[in-house]
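Data first, discussion second: the structure below is written as structure tokens.
Computed from the coordinates by the stated procedures, all read-outs in this text should not be read as laboratory data. Keep in mind the model is a prediction, meaning the values are calculated, not measured. Methodologically, a virtual Cβ is constructed for each residue, glycine included, from the backbone with ideal geometry; neighbour enumeration extends over all protein chains shown.
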Amino acid sequence: MTKQEMEQYKDKKPVGVYPMCNHGGVEILDIIYGIEDYVVARYNFGEPEEKLHKVKIRSTPSGLPYINLDGNYIRLGECLKV
């Protein structure tokens with residue numbers, strides 16, 4: 001992501017979350033629709049500067065959407081809407 005795109009999402013509130021433990025998880029900030037769909041997400045474990053990730057949405061053979069964020073397989077159907 002470019003610096004301009006990162007600034008756009010700096011103070012944005014999440015639209016969904018995926019809890020990973022009692023201390024935090026993954027915040028989904030936006031879904032970018034196009035020919036290939038992407039999720040803009042970041043980890044939230046209380047650290048001040050969180051790195052943004054732009055991850056391609058993939059689907060399982062049965063058609064369920066998921067993302068692979070740093071080796072973490074996250075099904076979008078298991079994310080909680082905020």
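Numbers below:
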| read-out | value |
| --- | --- |
| Chain lengthening between Ser62 and Ile32 when straightened (0.36 nm per residue, less Cα-Cα) | 8.6 nm |
| Length released on extending from Phe45 to Lys81, taking residue separation times 0.36 nm less the Cα-Cα span | 11.1 nm |
| Added length on full extension, which subtracts the Cα-Cα distance from 0.36 nm per residue, Lys10 to Tyr73 | 20.3 nm |
| Phi to ³J(HN,Hα) by Karplus 6.51 cos²θ - 1.76 cosθ + 1.60 over segment 12-25, Hz, x for Gly, Pro | 6, 7, x, 9, x, 9, 10, x, 10, 7, 6, 9, x, x |
| Volume in Å³ per residue [convex hull over Cα atoms, computed for segment 3-81] | 104 |
| In Hz, Karplus ³J(HN,Hα) per residue of segment 50-67 (6.51, -1.76, 1.60; θ = phi - 60°; x = Gly, Pro) | 9, 7, 7, 10, 10, 10, 6, 7, 10, 9, 6, x, 7, x, 7, x, 8, 10 |
| Highest average packing first - 58-66, 13-21, Cβ atoms within 10 Å | 13-21, 58-66 |
